[in-house]
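Each reported figure results from applying straightforward, stated rules to the coordinates on display, with no laboratory input. Just so you know, these numbers come straight off a predicted model, no measurement behind them. Positions of Cβ are generated from backbone atoms using ideal geometry, with glycine treated the same way; all protein chains shown enter the neighbour counts.
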Amino acid sequence: MPKIDIAAVPARKGSGYPPPFAGPCADRIRKRLGNAGGLSDFGVNLMQLPPGNWSSQRHWHSHEDEFVYVLAGEVVLIEDNGETMLRAGDCAAFPKGSGNGHHMINRSDAMAVYLEVGSRSPDDLTTCSDIDMMSANSDGRFVHKDGTPYPPE
């Protein structure tokens, strides 16, 4: 059936980043709606971002477009050009290969909820703008920008 039972979709708390980079994203909650619906060309995630949490480390994608639509609450979008407030009904788009690192922070006192949509290119490399970390879709491992792996947790 095409209808997705959102309540039945598993929720994943945190980011999977290696220490110490996981802390700012530790309480975010992601439900992979695209996976639940059997989608393979692009992903759709329902994200809950509690007050004080980051959506991710600031990053950009080499081969994936990314789109965010805020459903409830507000977040501050931080990118190379500064900060922009996004509230319910606002959206933002991040073209692949831009080199413009972005992430969102919930600086309010209420839960923010948004949809995150992105392509699923096996060739994608996610590069973090402010820290020494990147990750390739081909293996999902987080490594230093010189390719050295982070030690296991």
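May I ask you to sort H63, H144 by Cβ crowding, counting other Cβ atoms within 10 Å and putting the fewest first?
On the way: H63 15, H144 12.
Lowest count first: H144, H63.
Can you sort L71, L86 by how many other beta carbons sit within 10 Å, fewest first?
Values: L71 13, L86 19.
Taking fewest neighbouring Cβ atoms as first place, the list is L71, L86.
Sorting the segments 125-133, 11-19 by their residues' average number of neighbouring beta-carbon atoms within 10 angstrom, most packed first, yields 125-133, 11-19.
Apply the a/c threshold of 1.5 to the C-alpha gyration tensor of region 106-146 and tell me whether it is rounded, prolate or oblate. Don't skip to the answer; put the middle values down first.
Details: a/c = 3.54, a/b = 1.58, b/c = 2.23.
Judged from the Cα gyration tensor, region 106-146 comes out oblate (a/c at least 1.5, b/c at or above a/b).
Take the Cβ-Cβ distance between A7 and R107 as r, set R0 to 30 Å, and report the resulting FRET efficiency rounded to the nearest 0.05. Write down the numbers at each step before the final one.
On the way: r = 29 Å, r/R0 = 0.96.
Given R0 = 30 Å and the Cβ-Cβ separation, E is 0.55.
For the chain, the normalised intensity computed at q = 0.14, 0.19 Å⁻¹ comes to -0.69, -1.33 (log10 of I(q)/I(0), Debye sum over alpha carbons, equal scatterers, no solvent). Given in Å, the Rg to one decimal and the Dmax to the nearest whole number for the Cα atoms of region 62-104 are 10.6, 30.
Ratio of Rg to Rh for region 24-77, alpha carbon only, Kirkwood? Walk me through the numbers before you get to the answer.
Details: Rg = 12.3 Å, Rh = 12.7 Å.
Rg/Rh for region 24-77 comes to 0.96.
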